[in-house]
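Below is one structure, written out as structure tokens, with a few remarks after it.
Quick note: the coordinates plus some simple rules give every number you see, no bench work behind them. Owing to the predicted nature of the structure, the values given are computational and were not obtained by experimental measurement. Heads up, the Cβs are rebuilt from the backbone with ideal geometry, glycines too, and the neighbour counts pull from every protein chain shown.
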């Protein structure tokens, strides 16, 4: 069965600090997709990134970067030079693709507070 | 392009009543998924529709049902409401017919059951 664990429930940092959000996943499929979503106070989840299981290249997008390591089943998310606008709940999610893509299974989320 | 629109945004019901929530996907998107978000259980998948057909269903009781119309708009219904149904119900649409596509979420309908 698929499972996503985000061990950090809440993180608080001071503006301009770097912060890493951890995500560990479990799946028996060899083909799967990993996602990160951001949920600001308004409620909607905003898509940040999708990775497939065959692409272990790290990705950087502005102040955001993602580290995918199959060996440790982790897909961590780093925000560099954090800003107050980064305050939100961040969710990691997994979809197995072995026999037709399964619905997203989300972790419990990490609430990030960036203090000015 | 307008985003995913959910109505109503907030509603209060009492136990035993029923509720219908509506979701208008992004124009051109044919896949609509519904999720329930609660503090205890987090985000849980309810069901997914594509071209008016339910393709996947989560582990929820039969009191939870949904449908999709020919214009891709979707509704979900919860009958015989229980206190535990209080939650934020999120709708997401996708232009892909595969669930691993990028999902675009609405702001949700916050249901309170008294």
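For the reader, a short list of remarks on this structure follows.
- Distance (nanometres) between label positions extended 7 Å along Cα→Cβ at residue B:11 and residue A:14: 4.8
- Legend: mean number of C-beta atoms from other chains within 10 angstrom of residue C-beta atoms, peptide B:42-48, equals 5.
- Here each label is just a point 7 Å from Cα along the line to Cβ, and for residue B:112 and residue A:1 those points are 3.3 nm apart.
- Protection proxy ranking for A:37-44, B:29-36, B:72-79, using the average of other Cβ atoms within 10 Å per residue and placing the highest first: B:29-36, B:72-79, A:37-44.
- For region B:1-58, pairs of C-alpha atoms spaced more than 17 angstrom apart make up 54 percent of the total.
- Spin-label proximity, residue B:86 to region B:28-70 - amide N less than 18 Å from point 7 Å beyond Cα toward beta carbon: B:36-43
- Shape class for region A:42-116, computed from the alpha carbon gyration tensor (a ≥ b ≥ c): oblate, with a/c not under 1.5 and a/b at or below b/c.
- Residue list for region B:33-48, given a label point 7 angstrom along the Cα-to-Cβ vector of residue B:77 and an amide N cut-off under 17 Å: B:47-48
- Taking only the C-alpha atoms of region A:1-102, the Rg (one decimal) and the largest Cα-Cα distance, Dmax (whole number), read 13.8, 44 Å.
- Chain A - percent relative contact order, Cα under 8 Å, separation 6 or more: 38
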